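The values are calculated or read from the model by the stated rules, or taken from the named source; none is laboratory data. For clarity, every value in this text was computed on a predicted model and none was experimentally measured. Please note: Cβ atoms are built from the backbone with ideal geometry, for glycine as well, and neighbour counts cover all protein chains shown. These area figures cover heavy atoms from the full protein model, side chains too; ligands, DNA and RNA do not enter into them. Shrake-Rupley method; radii C 1.70, N 1.55, O 1.52, S 1.80 Å.
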Amino acid sequence: LRLVGSEMCIRDRLDTISNEICKGIQENIKDTGINAVISRIGSMMTLFFTDKKEINNYEDAMACDTDKYAKYFKHMLDMGIYLPPSQFECCFFSSVLTKDDVKKIIKSNRVALQKLV
């Protein structure tokens, strides 16, 4: 990682946080067997409920299960994780997220996905 003074470059920190969350959610998707895929670039990420392997365009996104996303959103909110209310928006992760915050997001995601299976 690139360091600026004694601090990690903000872009690298955001990428590290986002990557860790994305990997945790991907593992949760695999473990629960739910049909979902993550689209991520940098510190932006969206979870889509679909049987597609990736979302590449508007048509792909429109074919996703928005009702399931609405239920997922509510489960996450009940656990204190505020996500974009529509799967057509994306999460923007913050550089101030701690390791505990990241763990809570991943754990809450697992619980929410299990409730949807």
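Quick notes on this one:
- Taken together, K23, K52, K68 contain a single residue that is open to solvent by 80 Å² or more (accessible area, probe 1.4 Å) and of a type in the set (D, E, K, R), which is K23.
- All positions within the range 29-49 that are more than 21 Å from F93 (Cβ to Cβ), open to solvent by less than 30 Å² (accessible area, probe 1.4 Å) and in contact with a Phe, Trp or Tyr (Cβ under 8 Å, 6 or more places away or on another chain): I34
- Positions within the range 100-117 being more than 18 Å from K30 (Cβ to Cβ) and β-branched (V, I, T), in sequence order: V102
- Matching helices (runs of 4 or more DSSP H) fully within the range 14-117 where at least 3 residues are without any contact (Cβ under 8 Å) to a residue 24 or more places away in the chain and out of contact with any helix residue (DSSP H, G or I) (no Cβ under 9 Å at 6 or more places or on another chain): 58-62, 66-78
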